[in-house]
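The values are calculated or read from the model by the stated rules, or taken from the named source; none is laboratory data. Since the structure is predicted, the reported quantities are computational estimates derived from the model, not experimental observations. Neighbour counts run over all protein chains shown; Cβ positions are idealised from the backbone, glycine included.
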Amino acid sequence: MMAGADKNEVIRLSGIGKSYYIGKEEVPVLTHIDLSIREGEFVSIMGPSGAGKSTLMNILGCLDRPTRGSYLLDGKEVANLNDSELAYTRNRKIGFVFQSFNLLPRLSALDNVILPMIYGSLFKKERKERAVKMLESVGLGDRINHMPAEMSGGQRQRVAIARALINDPAIIMADEPTGNLDSHSTREVMEIFSKLYEQGKTIILVTHEIDVAAYAGRHVILSDGHISKDIRGPLP
Ligand SMILES: Nc1ncnc2c1ncn2[C@@H]1O[C@H](COP(=O)(O)OP(=O)(O)OP(=O)(O)O)[C@@H](O)[C@H]1O
């Protein structure tokens with residue numbers, strides 16, 4: 001039996017599996033994942049290298065499709081969306097932050113943040129104003145015309161966060177966002193995530209750093225392709 005989505009449930013995975021095939025040999029990476037995430041939760045995903053964290057994140061982010069199981073995003077079955085509906089959903093509902101920032105090197109901070117608005121309805125001037133405000137909100141008002149190569153890792157990651165937020169997505173997904181940062185920049189970035197959580201965003205964060213995971217209120221531990229622990233509250 002599959003009940004419908006709860007009112008505030010934004011994500012429900014039921015029996016999700018993901019395998020790769022090397023020749024005819026099946027390599028199971030996610031075996032059976034059941035996971036429900038409610039609006040406004042801040043969830044860390046942890047687990048040893050190779051446990052399937054990035055694979056799970058790519059499925060959650062609609063960047064990859066599962067081999068089996070059901071994924072309801074805002075109550076809609078993701079498997080029923082075609083590729084362009086999936087791309088649209090991704091662009092509107094989810095903001096992504098990656099370990100390696102993924103900024104376009106030939107565009108300024110400002111133009112990197114403007115980029116995701118290109119398919120929206122705003123005029124050029126409004127897009128620019130909105131991007132400037134977003135960069136100011138992550139403490140980069142004095143860096144808007146800098147190129148990525150002219151910024152520190154922490155500054156680049158803050159540009160990437162501004163870009164992730166520019167279409168006002170309800171969900172932020174971050175895969176090792178502090179993996180390339182020193183402890184000072186890590187703190188700056190995590191304080192931004194905390195603020196976003198306070199504003200009501202749903203945040204899903206893959207990390208292997210306990211200090212980083214500690215910012216989240218719930219901790220999902222993956223081992224060998226399944227959830228071995230789901231801890232609500234502080235880490236033991
Ligand atoms: N395209 C692929 N083809 C075959 N196997 C893959 C592919 N992508 C990932 N895998 C395998 O899936 C497993 C899980 O990978 P994944 O990147 O999700 O792990 P992870 O928990 O994020 O690890 P890490 O902490 O090292 O980033 C690994 O054993 C990996 O070799």
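Go through the stretch 71-99 and report how many residues are in contact (Cβ under 8 Å) with a residue 24 or more places away in the chain, on the phi < 0 side of the Ramachandran plot and in a loop (DSSP other than H, G, I, E, B).
Residues in the stretch 71-99 being in contact (Cβ under 8 Å) with a residue 24 or more places away in the chain, on the phi < 0 side of the Ramachandran plot and in a loop (DSSP other than H, G, I, E, B): 1 in total.
Suppose we filter the stretch 50-70 for residues that are without any contact (Cβ under 8 Å) to a residue 60 or more places away in the chain, within 26 Å of HIS208 (Cα to Cα) and not polar (S, T, N, Q); how many remain?
Here the count works out to 7.
When residues of the stretch 31-69 are filtered for being part of a helix (DSSP H, G or I) and of a type in the set (Val, Ile, Thr), how many remain?
2
Please determine, by comparing only the residues of the stretch 36-73 that are more than 15 Å from the ligand (Cβ to nearest atom) and of a type in the set (A, V, I, L, M), which one is farthest from ARG92 (Cα to Cα).
My answer is VAL43.
Return a yes/no flag: does the stretch 174-185 have any residue that is more than 16 Å from the ligand (Cβ to nearest atom) and under 18 Å from MET57 (Cβ atoms).
Checked the stretch 174-185: no residue is more than 16 Å from the ligand (Cβ to nearest atom) and under 18 Å from MET57 (Cβ atoms).
Tell me which of these ASP83 doesn't satisfy, since it passes every other one: (1) farther than 30 Å from GLY139 by Cα; (2) within 16 Å of the ligand (Cβ to nearest atom).
(2)
Would you point out the residue of the stretch 1-43, among those that are of a type in the set (Val, Ile, Thr) and at pLDDT 95 or above, that is surrounded by the most Cβ atoms within 10 Å (Cβ to Cβ)?
Here the residue is ILE33.
Out of the residues in the stretch 100-112 meeting the condition of being surrounded by fewer than 18 Cβ atoms within 10 Å (Cβ to Cβ) and under 18 Å from the mean Cα position of the chain (by Cα), tell me which one is farthest from the ligand (Cβ to nearest atom).
ASN102
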